[in-house]
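The values are calculated or read from the model by the stated rules, or taken from the named source; none is laboratory data. These numbers were taken from a predicted model, which means no experiment stands behind them. Don't worry about glycine lacking a Cβ; one is built from the backbone with ideal geometry, like all the others, and counts go over all protein chains shown. The protein model used for the area step is the full one, side chains on, heavy atoms only, and it has no ligands, DNA or RNA in it. Shrake-Rupley method; radii C 1.70, N 1.55, O 1.52, S 1.80 Å.
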Amino acid sequence: MKIRIGILTLIILLGAGGVVTAAPGKTCISCHPQEDFTGKIVHKPVARGQCSQCHNPHVAKYDNLLSHQGGALCYSCHGEARAAFSEGVQHQPVKEGRCLTCHSAHVSAEKGLLRGPVADSCFSCHEDLAARQYKVKHKPFAEGDCTACHQPHHADNFQLLKNDGDQLCLECHSRPASLAGHRGFPDEIGQCLSCHNPHGSAGKGLMRAALHAPFAEGCTACHGKDSATGIDLCLGCHAEVGEQMRAPHSHMLAGEGACVACHSPHAADVDGLLKAPYEQLCRSCHEATIERNRRSLHPHPETEKCTDCHAPHGSPRLVMLNADGNAVCSRCHETQGKFSHPVGSEVIDHRTGQAMDCLTCHDPMGTEYRYHLKLSGKKALCVQCHRSY
Amino acid sequence: MDTIRSVKAAPLMPIWLVVLVATMIFAGQVPAAAASGPWKLAFSLNHESINSALPTALYVDGDKERYYMVDSAGGQLVSFDKEGAFLTAFQPDEGLDRPFDLVRLSEAVLVVAEKGPNSLTVIDFAGQETKRLQVKDQGRPLMVDRLEIGNNGRLYALDRASGRIYRLTDSFTVAQRFDLPEEKEALVDFKVVGEQIWALGQQKKRLYVYHENGRLSKRLDVADLVVFPVSLAVDEAGLIYILDRHQGTVVVLDRKAKFKYRFLGKGHGPGHLYYPMEIRFDPWGRLCVVDEGNGRVQIFRR
């Protein structure tokens, strides 16, 4: 009887402690220590001792004797996730099939086999966010509850938000309470993220750091009775931008959303009152171009800002470069700027009859060839012009 | 004898395998070669005297049998004959500052959309006069981008700032304002096809069809087929051609916007496009592609 009670007590204690002892394949644990497979949450195949579900015991093409690599291995069981995750905006590790960036393959102390608490997982990549020491923090951010606002895999909204920005805010911050804090604001509360930083701020009310000068003085400079609307309102003060936009290639977008597609009219944390850092902002429209560079075999190294090479408002040049092709490249590639294959108006590309520049042979947005060449530099590119070789 | 016969016998594919392969092909299991369409490159509009050209538009004068290419970088208009022979590169005495599009309004009058001064620039060869006009809608200056001539010589303009199409009077005032097809859309090109106006929206990657009375009658989604659409054209059979600037391709759709085929590709050689800008048909049924990055216009015939 005492023995039975003892066993029962042991089971209860183990259950209360939430610790499950996994049962990996007996042969495997003769070499691989049992404790590596013991934890609060155990991946089902591990718990069942089905090591060969993922590993080949003899030989494999992939590291750790895995039968498949990355997401392909996970999706062989979690097939339904592959289809679901492919919709809308995808989290970068999901897009690249790097499930193990966030999840542990064997055991974990966290739900969903996360490698650590949610915030630790997120901040392991989003280091800049972790490093920011906000004086005032948004409660979910302070508590490390990133998934209060963001979806971890995919979402229908920019920045993997769970809902459209405004709707998401209003889920916690009731409309009447929000209106009370915005005296004189139109009935329809909106564009919350235009003024407030959802993570934290140095000031009260999570206000973003830099205020648009007219906004700092009040609302009427732009929202007066006779104020212009849309782009005309902005160009009324920023005439030089209007001049830049009078170019064959312009970022002028039509209608009310013209300038505010990229700029916040009220407050921002990024220079130029930009709504987001450059890559995020540009990616929101130019996803295909940025992805092409990233996925190419020889991508151009990341520049600090897209505007290092491109004119953001308008340009008379191809691909909205902020100077001619040679000048843009030789700002960084100084040697090639002084000594290179002949370029300039006297050197004509016979295929097009056009003057040659760096972009005749290179595509700085990434190619499959070294030095971002458009074709192989061993021969294929050169014989396009130098046929006798 | 039997041995010799068996050695010489050709290694014929078993009948069952032939039937299986044929069945799979017809059932669509084996991908057939991608259709390239009926288009062949006829010639290019290009010349050594314009070796830094960045063409942004082409106007085809059916009466005079001439092509006019707008060279935005050179600030000039370049003419070619119907067979592609270079005629001349010209500009008014006042010069052209970032010209973008062009139409011929009457026998001796050209109208240029000039980005620099944001004007409709009227070049009157008979009167030897050039006027820069600013078109306004309720006091707001239009930022004219694309120009088209419609039925009965009507002049249409696309305003980049509002994203709307306007019909203009002979004195370049607003005669008709077309409604935006939908919120947060930006029209980037349009063509007049009979009594219809076909417009291309870049933000939502959609085609919109207006009747010339301004009523929006059709909306076709092409988002899955193109990356960065910049121009469209419609042929006599009603097939729709969309130019994808970033891909360097032309996507051809049937009247219901169902994909038919895609042709051309990114590059610099003949039949390749590098950041092309505009597509249109000439009166002789040829497809003209303004190939900005290669400084030429390529003309394709069936």
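May I ask you to derive the relative contact order of chain A, considering only C-alpha pairs under 8 Å and at least 6 residues apart, and to give it as an integer percent? Before the final figure, lay out the partial values.
Working: 486 pairs, mean separation 33.0, N = 389.
Relative contact order for chain A comes out at 8 percent.
In the protein assembly as shown, helical runs assigned H by DSSP with n ≥ 4 each contribute -39500 (n - 2.57); averaged across all residues and rounded to the nearest 500, the mean residue ellipticity at 222 nm is -5500 deg cm²/dmol. Accessible area per residue (1.4 Å probe, heavy atoms of protein chains only) ranks A:29, B:240 as A:29, B:240, with the largest value leading.
Electrostatic tally near residue A:384: other residues with Cβ closer than 11 Å to its Cβ, Lys and Arg +1, Asp and Glu -1, net +3.
Helix A:2-17 versus the longest principal axis of chain A: what is the Cα-based angle in degrees, 0 to 90, to the nearest 10? Helix A:2-17 and the main axis of chain A meet at about 10 degrees. The Rg/Rh ratio for segment B:35-301, using Cα coordinates for both the radius of gyration and the Kirkwood hydrodynamic radius, is 0.94.
Within segment B:89-122, what residues put their amide N at less than 16 Å from the label point 7 Å along the Cα-to-Cβ vector of residue B:49? Those under the cut-off are B:89-93. Interface A-B: total buried accessible area of about 2700 Å², 1.4 Å probe, protein heavy atoms only.
Could you give the longest part of chain B that holds none of the GluC sites (Glu not before Pro) found in DSSP loops with at most 11 neighbouring Cβ atoms within 10 Å? Mind showing how you got there, number by number?
Details: sites that count: B:83, B:107, B:183, B:195, B:236.
It works out to B:1-82.
Taking segment A:17-116 as the region of interest, what is the percent of Cα-Cα pairs per 10 angstrom bin, listed from the shortest bin to the one with the maximum distance? Calculated P(r), rounded to whole percents: 15, 43, 33, 9, 0.
Within the same chain, lysines fewer than 8 places from residue A:44 are excluded, and of the rest, those with a Cα less than 20 Å from its Cα are A:26, A:111.
Computed from the Cβ-Cβ distance with R0 of 45 Å, the FRET efficiency linking residue A:220 to residue A:133 stands at 0.80. Residue A:251 sits with roughly 80 Å² accessible to a 1.4 Å probe, with DNA, RNA and ligands left out of the calculation.
Give the longest segment of chain A that steers clear of GluC sites (Glu not before Pro) in DSSP loops with at most 16 neighbouring Cβ atoms within 10 Å, not counting the sites themselves.
A:1-86
Straight-line cross-link partners of residue A:40 among the aspartates and glutamates, defined as a Cα under 19 Å from its Cα and at least 8 positions apart when in the same chain: A:110, A:120.
When the Cα gyration tensor is reduced to axis lengths a ≥ b ≥ c, the ratio a/c is 1.5 or higher for segment A:129-207, and with a/b not above b/c it is classed as oblate. Amide H contacts for residue B:278 (H built 1.01 Å from N in the peptide plane; partners 5 or more residues away or on another chain; cut-off under 5 Å): B:290, B:292. May I ask you to find the residues of segment B:150-164 that are shielded by at least 30 Å² of accessible area once the whole protein assembly is considered instead of their isolated chain (probe 1.4 Å)? Buried on complex formation: B:160, B:161. Given a 1.4 Å probe and the protein chains as shown, residue B:140 ends up with an accessible area of around 50 Å². Dividing the C-alpha radius of gyration of segment A:226-287 by 2.2 N^0.38 Å, with N its residue count, gives 1.15. Helix B:15-27 and the longest principal axis of the Cα set of chain B meet at an angle near 20°.
In the structure shown, do any of A:61/A:95; B:82/B:266; B:115/B:184; B:64/B:204 have a Cα-Cα gap over 29 Å, and if so which?
Beyond 29 Å: B:64/B:204.
Amide hydrogen proximity for residue B:87: with H placed 1.01 Å from N in the peptide plane, the residues at 5 or more positions away or on another chain lying under 5 Å are B:79, B:80, B:81.
Of the trypsin sites (Lys or Arg not before Pro) found in segment B:246-290, those in coil by DSSP whose Cβ has at most 16 other Cβ atoms within 10 Å are B:255, B:256, B:258. Expressed as a whole percent, the accessible surface of segment B:35-301 that belongs to carbon and sulfur atoms is 43, based on a 1.4 Å probe. Only sites in a loop by DSSP and with at most 11 other Cβ atoms within 10 Å count here; which trypsin sites (Lys or Arg not before Pro) in segment A:263-351 make the cut? Taking segment A:263-351 and a limit of 11 other Cβ atoms within 10 Å, no loop trypsin sites (Lys or Arg not before Pro) are found.
By accessible area, using a 1.4 Å probe on protein heavy atoms only, segment A:17-116 has 57% of its surface on carbon and sulfur.
What number comes out for the charge environment of residue B:238, summing +1 per Lys or Arg and -1 per Asp or Glu over other residues with Cβ under 11 Å away? That works out to -1. Look at the alpha carbon pairs under 8 Å that are at least 6 residues apart: their mean separation over the length of segment A:33-190 gives a relative contact order of 20 percent.
Find the relative contact order for segment B:35-301 and round it to a whole percent, using C-alpha pairs within less than 8 Å whose residues are 6+ positions apart.
15
In terms of accessible area, using a 1.4 Å probe and ignoring ligands and nucleic acids, A:194, A:388 rank largest first as A:388, A:194.
I need the shape label for segment B:227-290. Rule: rounded when a/c is under 1.5, else prolate if a/b > b/c, else oblate, with a, b, c from the alpha carbon gyration tensor. Oblate, since a/c reaches 1.5 and b/c is not below a/b. Computed with the Debye formula from one identical point scatterer per Cα of the protein assembly as shown, without solvent, the log10 of I(q)/I(0) at q = 0.05, 0.07, 0.09 Å⁻¹ comes to -0.34, -0.64, -0.97.
Provide a list, ordered by number, of residues in segment A:350-366 showing at least 40 Å² less accessible area with every protein chain present than when their chain is taken on its own, using a 1.4 Å probe. Residues shielded by partner chains are A:351, A:352, A:354. Surface calculation, 1.4 Å probe, protein heavy atoms: residue A:54 sits at approximately 30 Å² accessible.
Annotation: amide H of residue B:105 within the under-5 Å range of B:110, B:111, sequence separation 5 or more or interchain, hydrogens built in the peptide plane.
Counting Lys and Arg as +1 and Asp and Glu as -1 over every other residue whose Cβ lies under 14 Å from the Cβ of residue B:207, the net charge comes to +2. Normalised by 2.2 N^0.38 Å, with N the number of residues, the alpha-carbon radius of gyration of chain A equals 1.33.
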